[in-house]
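What follows is a short report on a single structure.
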Amino acid sequence: MDCLYVVSLVMRSEGFESYRCDRNMSLGINLVSMSKVLKTMGKDDSLTIRVNDDSDSIIISMESQNQDKFADYELRLMDFGIAHVGIPDTDYSCTINMPSSEFSRICRDMSIIGDSVLVCTTKEGVKFSAKGDLGQGCIRLVQTANVEKEEEAVIIKMKEAVALTFYVEYLSMFCKAAQLSPQVSVNLSKDTPLMCEFKIAEMGHVRFYLAPKSEGDKS
Amino acid sequence: MDCLYVVSLVMRSEGFESYRCDRNMSLGINLVSMSKVLKTMGKDDSLTIRVNDDSDSIIISMESQNQDKFADYELRLMDFGIAHVGIPDTDYSCTINMPSSEFSRICRDMSIIGDSVLVCTTKEGVKFSAKGDLGQGCIRLVQTANVEKEEEAVIIKMKEAVALTFYVEYLSMFCKAAQLSPQVSVNLSKDTPLMCEFKIAEMGHVRFYLAPKSEGDKS
Amino acid sequence: MDCLYVVSLVMRSEGFESYRCDRNMSLGINLVSMSKVLKTMGKDDSLTIRVNDDSDSIIISMESQNQDKFADYELRLMDFGIAHVGIPDTDYSCTINMPSSEFSRICRDMSIIGDSVLVCTTKEGVKFSAKGDLGQGCIRLVQTANVEKEEEAVIIKMKEAVALTFYVEYLSMFCKAAQLSPQVSVNLSKDTPLMCEFKIAEMGHVRFYLAPKSEGDKS
């Protein structure tokens with residue numbers, strides 16, 4: 001991983017009502033345009049996404065439930081000049097499962113204090129801390145003994161304690177995916193990018209990778 | 001019509017609780033000021049608007065229902081130096097009645113793709129299309145066969161098919177009036193300004209006129 | 001009072017669940033930081049604020065109800081170089097009690113018309129008026145004879161009529177406290193700063209003082 005952060009989104013074919021792919025393809029999609037177009041969908045519309053062979057555009061078609069409105073968008077594909085970003089499989093030292101809304105709040109709260117957040121795990125729980133011009137702050141989450149609702153649990157699986165520093169701005173950005181899933185899994189190992197995963201129902205997941213700040217980095 | 005767009009608002013005297021006008025008058029009102037002042041009204045206040053003979057200001061008085069609060073505003077009238085904008089009566093080739101929220105959405109969706117929208121009518125329905133840097137998009141509305149709610153109907157009355165291009169920015173601006181009425185009527189003829197009308201209850205209407213883009217215009 | 005406006009906030013020790021103060025202290029707190037940190041509190045969290053002897057920071061600790069989340073913030077104190085702003089006790093000529101939402105609205109409405117507002121009290125009621133480029137406006141509030149809800153009453157206690165002009169921008173700023181209390185008390189005397197008070201439940205109050213505009217000030 002030669003970059004600061006990487007996003008990986010997996011949506012398995014079983015998750016679609018109908019799915020056909022004759023050969024593997026890499027498509028360079030302008031996410032800003034794609035997202036604008038997808039937002040035009042009505043809540044009961046059905047959606048078809050299509051790329052024809054040798055085409056340089058992606059076709060997005062929407063149809064209203066009672067078939068009285070049809071929208072077709074054709075967006076230009078982009079040539080990124082990259083085939084694949086390699087992300088090595090990692091056996092993480094520490095995995096924290098927690099409510100995604102809680103992770104989101106902690107990132108927001110730490111960003112008030114400083115640009116980067118130090119994440120420390122111990123057997124008792126996980127500690128997030130930050131320093132800055134105003135002063136300093138820290139938040140400790142205790143592993144939940146037993147919770148009524150599974151999605152409110154904080155569970156820490158730890159082989160080895162870790163203490164890693166990350167730019168909180170990127171973590172906050174990742175947390176925009178918090179609405180996809182009530183729980184997030186944050187995976188940490190020494191000198192290894194953090195991986196945080198939000199499940200997408202039974203269909204797949206989105207994973208964010210963020211390189212830790214090295215000691216020499218200016219905060 | 002020597003301008004790009006014109007707005008005409010008609011509120012008939014029967015619509016007012018009390019209405020008195022001794023002689024016809026043309027008043028130049030600063031709409032921004034007027035709108036700011038009208039927004040100060042409480043929801044159960046009564047409103048009186050008055051212009052005295054030979055006055056250069058309009059007086060707006062509000063009174064709370066239980067008569068414990070009185071507000072009076074006196075706004076300067078403006079001299080536009082114009083008596084009347086002539087809008088010729090037109091027998092349009094094509095009239096589209098549709099839900100105003102739908103028209104509003106289509107304008108918003110087309111504005112994602114391009115600066116201008118091509119409106120084409122056929123016997124089957126109406127097609128809106130746009131092109132731009134991202135790619136292209138089009139939305140087709142089918143005439144509704146039978147709808148339960150009259151206000152959800154899409155009805156196209158057509159003497160002759162039309163294909164006209166308009167700046168979508170102005171159409172979007174007109175759609176701010178969509179909350180006045182559940183239905184909008186969009187009227188089109190070749191080489192003639194579009195007229196779109198929102199009814200104001202039993203009291204009157206607001207009409208927006210927009211000149212089509214000529215072929216030579218840069219999109 | 002050598003400044004344009006002063007804010008004074010009193011929260012009595014009885015209002016706290018636990019309160020300990022060994023000796024009087026003046027603390028210079030950065031309100032922007034303090035407010036950011038306090039906003040991170042969950043709605044059922046408990047809050048402890050602490051300053052140690054000879055410390056140059058204030059410690060804010062929050063604890064979730066079920067004791068699974070702990071947050072500690074340490075904010076630097078500031079040295080204002082001032083011990084106390086003297087505010088002389090005043091026996092005001094005129095006290096207006098009114099719904100704080102109404103006062104807030106009047107300030108907002110007058111700010112549409114001009115930069116400053118003239119407040120005139122008479123036996124019948126109170127009149128707010130403003131002038132500006134658009135024209136002029138005035139709002140009269142009548143003393144309420146009898147109201148069902150005490151918090152909706154407008155009550156004017158007057159020893160002497162007053163007519164004072166204030167910058168409406170500051171009054172609007174004070175009105176941000178309107179959510180603390182359903183009623184505001186506005187106190188006026190000739191050539192004396194206005195004092196407007198919002199009660200904080202049974203615990204204390206916040207008072208805002210604003211010097212009147214002198215005749216010579218540019219509006």
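The values are calculated or read from the model by the stated rules, or taken from the named source; none is laboratory data. Keep in mind that this is a model prediction, so the values were computed, not measured. So basically every Cβ, Gly included, is an ideal-geometry build from the backbone, and we count neighbours across all protein chains shown. Surface accessibility is based on the protein's heavy atoms, side chains included, excluding ligands, DNA and RNA. Shrake-Rupley method; radii C 1.70, N 1.55, O 1.52, S 1.80 Å.
So here's what we get for this one:
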quantity	calculated
Single residue of segment C:150-169 satisfying the filter (in contact with a helix residue (DSSP H, G or I) (Cβ under 9 Å, 6 or more places away or on another chain) and at pLDDT 95 or above) that is nearest to the other protein chains (Cβ to nearest Cβ)	C:V168
Any hit, segment B:58-67, residues being under 22 Å from B:F174 (Cβ atoms), modelled with pLDDT under 95 and of a type in the set (G, A, S)	no
The listed residue being touching a residue at least 24 places away in the same chain (Cβ under 8 Å), assigned by the TED database to the domain that holds B:M98 and among the aliphatic types (A, V, I, L, M), out of B:A130, B:A145	B:A130
Considering residues of segment C:13-37 that are within 20 Å of the chain's Cα centre (by Cα) and open to solvent by less than 60 Å² (accessible area, probe 1.4 Å) only, the residue nearest to A:S111 (Cα to Cα)	C:S33
Segment B:102-115 - residue that is open to solvent by 20 Å² or more (accessible area, probe 1.4 Å) and outside any loop (DSSP other than H, G, I, E, B) and, of those, farthest from B:L31 (Cα to Cα)	B:I112
B:V10 vs. criteria open to solvent by 50 Å² or more (accessible area, probe 1.4 Å), aliphatic (A, V, I, L, M), under 19 Å from the mean Cα position of the chain (by Cα) and not assigned by the TED database to the domain that holds B:Q65	yes
Strands (runs of 3 or more DSSP E) (entirely within segment B:26-101) containing at least 3 residues that are at the interface with another protein chain (Cβ under 9 Å from one of its Cβ atoms)	B:57-63, B:69-76
Candidate set: segment B:123-149, residues that are within 7 Å of another protein chain (Cβ to nearest Cβ), touching a helix residue (DSSP H, G or I) at 6+ places or on another chain (Cβ under 9 Å) and of a type outside the set (G, A, S); chosen: the one most open to solvent (accessible area, probe 1.4 Å)	B:Q136
Those strands (runs of 3 or more DSSP E) lying entirely in segment C:155-219 with at least 3 residues crowded, with 18+ Cβ neighbours inside 10 Å and in contact with a strand residue (DSSP E or B) (Cβ under 6 Å, 6 or more places away or on another chain)	C:163-167, C:183-188, C:194-200, C:204-210
